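A.B. asks: After the structure tokens below, expect a handful of questions from me.
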Amino acid sequence: MKKLIVLMLLMAIIGSIGAADTESFIFIDHLLRLSGPESPRILEDAVIFTASSSHRRVGIAFAHEGFGKVHWFRRFMVPNEDAGPWIKDRPPADLHRDSGILFYIYTIPEELTGVLEYRLIIDGLWVKDPLNPYSRRDPSSGITRSVIAIPRIQRSDSPNRGSDGTLTFTYYAQPGETVTVAGSFNLWDPYMYQLKEISPGRYSLSLPLPPGIYQYAFFYRGERHLDPNNPRRVYTREGKAANEAAVE
């Protein structure tokens, strides 16, 4: 329970961390386990990059994007255990402390195979990643790039029509958890349909539904989560993000 409370506080501090269904607690849980910055780590369908928060600003740019876009790292703040009891309207700076880590989570594009090549911008200077031991020198430019080997990622679990008139939902989380799905097919009741853990950490549910287009989201550890395996994302009438799937 204590760990869940800490995770929920961190979600409030950080907000949406914006990649690979980063509404998932898996990425924050990983960051919580770090004692400091580490070499890039692949989790699910994303890469977590970290750097020391002693830097003023850190960004990352990728070769497959032509190094034309800089993605900026964010500071990972954690609850300040020495802050004492929470008081309404207390300055946030008193409640949180710097973990010593800057981070960026990048969703691996489906079309990307082989390696991910990138460079960092640390305090205004273009450099290779000092935490990544793997790099290559580009023969045309003479510039050294950091590289990460990208494994083949299984993405076949997006909602799909099983037998006629059926949608199958699949979600990955920690083993032994409760995962539910809600959507326009059940008036967004987050308690009605619970996924079954068919293998450690893999949850699935098939629903017979009439032909039509449906919006949905998962609910895990008290929070709403989008489906990282379904690129079709829309907004509900209430302005909330949701996934969309069809029954033919």
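A.B. asks: Long-range amide H contacts for Val115: which residues qualify at under 5 Å (H placed 1.01 Å from N, peptide plane, sequence gap of 5 or more or a different chain)?
C.D. replies: Those lying under 5 Å, H to H, from Val115 are Ile150.
A.B. asks: Need the full-extension length gain, Asp189 to Arg75, defined as separation in residues times 0.36 nm minus the C-alpha distance. One decimal, nm.
C.D. replies: In short, 37.5 nm is gained.
A.B. asks: Using modelled amide H (1.01 Å from N, peptide plane; none on Pro or chain starts), what sits under 5 Å from the amide H of Thr178, excluding residues fewer than 5 places away?
C.D. replies: For Thr178, the qualifying residues are Arg221.
Where a number appears in this text, it was derived from the coordinates with a stated rule and is not lab data. Computed from a predicted structure; not experimentally measured.
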